[in-house]
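A.B. asks: Have a look at this one before I ask anything.
The values are calculated or read from the model by the stated rules, or taken from the named source; none is laboratory data. Quantities reported herein were computed from a predicted structural model and do not represent experimental measurements. Note that each Cβ is placed from the backbone with ideal geometry, even for glycine, and that neighbours are counted across all protein chains shown.
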Amino acid sequence: MLIYGRTNVYDFNFHLVWPTKYRREIFTTNERHDEMKNILLSIAENKGISVEHIEIMPDHVHMMISFPPKMAPASVVKSLKGVSARIWFKNHHETKDKLWGGYLWTPSFFMSTIDNVSKKIVAEYIENQMQKSAKKK
């Protein structure tokens, strides 16, 4: 979908994934899952990042996002991870005890561009993550 800015037209779509520190299962209840989802959606809205799909897994996050070309991908990731960690730790001090060093997220992430053909496939992949995880248990 083309997005019209004041001085540009763009269609950037990214698949973004990042794990919790040590792949610890932090978002293990519906309440924790929903809370992190709402935190990330709020950050995205405040930063001008469009979230098309999001799934919070117990030990990682999947997002399909779009943002204006003036924003650097690494800056977008830094905002999402950094602000979400600060908010999470403010509300859940006990989580720091599970994570040596006091970090919620690993410093790494995966981000790939998505063309319009594969966009539907990636969206289905993200939406099906929770179902696949449930089948493994």
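A.B. asks: I'd like the full set of residues that are under 20 Å from Val51 (Cα atoms), surrounded by 10 or more Cβ atoms within 10 Å (Cβ to Cβ) and not charged (D, E, K, R), limited to segment 87-120.
C.D. replies: Matches in segment 87-120: Ile87, Trp88, Trp105, Phe109, Phe110, Met111, Ser112, Thr113, Ile114, Ser118.
A.B. asks: Give the residue, chosen from Ser42, Ser75, that is hydroxyl-bearing (Ser, Thr, Tyr), more than 24 Å from Tyr125 (Cα to Cα) and modelled with pLDDT of 95 or more.
C.D. replies: Ser75
A.B. asks: Being within 11 Å of the chain's Cα centre (by Cα) and on the phi < 0 side of the Ramachandran plot is true for just one of Leu104, Leu16. Which residue is that?
C.D. replies: Exactly one residue qualifies, and that residue is Leu16.
A.B. asks: A follow-up question, please. Taking segment 15-24, which residues are assigned to a helix (DSSP H, G or I) and either of a type in the set (A, V, I, L, M, F, W, C) or farther than 26 Å from Ile121 by Cβ (or both)?
C.D. replies: Matches in segment 15-24: Lys21, Tyr22.
A.B. asks: Go through segment 38-88 residue by residue and tally those that are out of contact with any Ser or Thr (no Cβ under 8 Å at 6 or more places or on another chain) and on the phi < 0 side of the Ramachandran plot.
C.D. replies: 34
A.B. asks: Picking from Met111, Met71, Met130, which residue would you name as being touching a Gly at 6+ places or on another chain (Cβ under 9 Å) and either of a type in the set (A, V, I, L, M) or assigned to a strand (DSSP E or B) (or both)?
C.D. replies: Answer to the check: Met71.
A.B. asks: Go over the candidates Phe27, Phe12 one by one and state the one that is under 19 Å from Tyr125 (Cβ atoms), modelled with pLDDT under 95 and in a loop (DSSP other than H, G, I, E, B).
C.D. replies: Phe12
A.B. asks: Same structure again: If you scan segment 27-48, which residues turn out to be over 11 Å from the mean Cα position of the chain (by Cα) and crowded, with 19+ Cβ neighbours inside 10 Å?
C.D. replies: Hit for segment 27-48 is Phe27, nothing else.
A.B. asks: Which condition number in (1) modelled with pLDDT of 95 or more; (2) over 20 Å from His15 (Cα atoms) is the one that Asp97 fails?
C.D. replies: With (1) modelled with pLDDT of 95 or more; (2) over 20 Å from His15 (Cα atoms) applied to Asp97, the lone miss is (1).
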